[in-house]
Amino acid sequence: MQLGSSYQYQNNPARLPDSSSDIHGAGIMVNSLGLGLRMPLLSDATRLDIGGTVADARYTDDKQLDHQPRNLLSTLYWRATPLFEGQFDYGYQNQLNPYLPRTWPERDMQARDKKSAQIGLRVTDRLTLPLFSVFRNGTRYDQAINQTLYDRTDTGWQAAAQYAGAGRSIAQAGLRHTNTSYYDRTPDLTATIDNRYTDNEAFLAARWDYSPKTLLFARVGLLKRSYDNLTDRDTNLFTFQSRATWDYSPKTRLELQLWRRPYANDDDPTVLYSIQTGGLAALTWRPTVKTAVSLGVEHSQQRNTAYTGGNDEKLQIWRVGARLQWQSTDNLRWIMDVYHDRQRAPSTSDSFNQNFVRIGFEYTFGTRAKEDLRLLMEPSDCEWRRPELAFCDPMSGR
């Protein structure tokens with residue numbers, strides 16, 4: 001169990017564009033409660049892992065933004081005979097919509113749920129073939145304008161082969177099929193940005209324990225997107241994601257990430273789809289057993305493909321952050337964060353700046369050694385460096 005409390009100041013909490021005259025700062029008090037649980041059922045191979053967080057965010061100004069974000073991640077692992085194993089996953093997240101300019105000054109909440117089931121045939125202790133899964137994901141908004149544009153479901157399946165090497169090394173190859181449906185779009189919207197598309201992706205992924213100090217991960221894919229109505233807009237996309245962590249010394253850890261991924265653009269109704277290409281570098285230094293300093297910088301370029309066919313708009317996104325951490329006791333951690341988020345575009349209506357400073361503490365009941373349970377308390381957004389979320393631990397090296 002974890003209790004957290006922090007105060008942060010944001011100069012632009014709604015991420016309003018630079019052209020807006022309504023930009024002003026606000027202080028935000030956030031209190032959170034998280035719980036992680038591992039429950040063996042029949043054996044260590046058949047168990048339930050569950051983690052979640054509830055929080056309360058209160059604004060000094062713009063009181064309509066007060067909200068109670070929630071997050072839940074759970075996995076039921078199972079094994080039936082030495083041949084078959086699999087898992088059931090369920091996740092839920094409710095948070096403030098990060099793109100508020102279209103509904104400002106009204107608040108908009110974004111809710112997402114993820115459900116999946118997986119089964120694998122263990123040909124040997126190392127080889128699983130096939131590894132098959134099905135999934136259904138949903139995204140919903142509070143405000144009617146966003147419900148019509150962006151409420152959607154993603155359903156599909158994935159078939160792969162998996163080979164487990166020494167240590168944490170693992171390799172996968174497979175196919176992934178996804179159907180996406182924007183079920184509330186009007187006929188006019190369907191005629192311009194469509195209401196359904198299908199993704200078929202072939203991928204290779206590998207995680208490699210290069211040495212006791214170095215861990216490498218990479219995933220590459222070729223994705224074909226087919227639209228139901230706008231067939232002339234069908235496209236092929238190359239996707240890439242990689243990460244390297246290097247424990248240079250007991251006190252110093254380096255992390256590098258590179259990516260190229262399709263991006264579900266929920267902030268501009270004229271955009272058919274977007275692609276983000278970028279990288280991140282982070283350094284954590286622990287001068288003493290109780291203190292740590294983290295620095296990170298991220299840059300990405302987002303190319304927006306409009307429904308008219310133009311590919312001219314490119315957004316430049318920079319994120320820079322630092323954290324000072326003091327572990328006063330085994331259970332109590334104090335943190336201070338500073339963070340700058342900047343987006344630049346040809347139009348000032350698509351450009352914004354956001355700065356924030358946060359100070360707070362986190363108290364843990366139970367052992368901090370169970371890091372995988374702690375990560376269940378964080379939504380997947382935290383992987384993409386969203387430290388203003390109440391649940392995220394920026395610079396944590398997730």
When you scan the range 285-322, how many residues do you find that are more than 20 Å from the chain's Cα centre (by Cα) and of a type in the set (K, R)?
3
Being open to solvent by 40 Å² or more (accessible area, probe 1.4 Å), among the hydroxyl-bearing types (S, T, Y) and under 26 Å from A191 (Cα atoms) is the filter here, so list the residues in the range 265-305 that pass it.
T270
Test R122 against the stated conditions and say whether it is surrounded by 17 or more Cβ atoms within 10 Å (Cβ to Cβ), over 25 Å from the mean Cα position of the chain (by Cα) and either at pLDDT below 95 or among the aromatic types (F, W, Y) (or both).
yes
Please list, ordered by first then second residue, the pairs with beta carbon atoms under 8 Å, 6 or more apart or interchain, first in the range 183-207 and buried (at least 18 other Cβ atoms within 10 Å of the Cβ), second assigned to a helix (DSSP H, G or I).
R185/T148; R185/L149; R185/I193; D194/R233; N195/L189
Residue satisfying all of: in the range 253-270; among the acidic types (D, E), over 14 Å from R152 (Cα atoms) and outside any strand (DSSP E or B); nearest to the chain's Cα centre (by Cα) among these
D267
The residue that is farthest from M1 (Cα to Cα), considering only those in the range 20-34 that are open to solvent by 70 Å² or more (accessible area, probe 1.4 Å) and more than 22 Å from the chain's Cα centre (by Cα), is S21
I'm told E106 meets every condition in (1) open to solvent by 30 Å² or more (accessible area, probe 1.4 Å); (2) touching a Phe, Trp or Tyr at 6+ places or on another chain (Cβ under 8 Å) except one. Can you identify the failing condition by its number?
(2)
Test: residue in the range 339-348 that is modelled with pLDDT of 85 or more and in contact with a Pro (Cβ under 8 Å, 6 or more places away or on another chain):
yes
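Hey, could you check the range 133-176 for residues that are part of a strand (DSSP E or B) and among the β-branched types (V, I, T) and say which is nearest to the chain's Cα centre (by Cα)? Outline the logic, then answer.
First pass over the range 133-176, keeping only residues part of a strand (DSSP E or B): 133-141, 152-164, 170-176.
Subsequent filtering for residues that are among the β-branched types (V, I, T) retains 134, 139, 153, 155, 170.
On the way: V134: 20, T139: 14, T153: 17, T155: 19, I170: 22 Å.
Of everything passing the filter in the range 133-176, T139 is nearest to the chain's Cα centre (by Cα).
Does D381 satisfy the condition of being part of a helix (DSSP H, G or I), modelled with pLDDT under 90 and open to solvent by 70 Å² or more (accessible area, probe 1.4 Å)?
On the way: part of a helix (DSSP H, G or I): yes; modelled with pLDDT under 90: yes; open to solvent by 70 Å² or more (accessible area, probe 1.4 Å): no.
No; evaluated as a whole, the condition is false for this residue.
The values are calculated or read from the model by the stated rules, or taken from the named source; none is laboratory data. Computed from a prediction, not measured in an experiment: that's the story for all the values here. Using ideal geometry, Cβ is built from the backbone for each residue, glycine included, and neighbour counts are taken over all protein chains shown. Quick note on the areas: whole protein, heavy atoms, side chains included, nothing else; ligands and nucleic acids left out. Shrake-Rupley method; radii C 1.70, N 1.55, O 1.52, S 1.80 Å.
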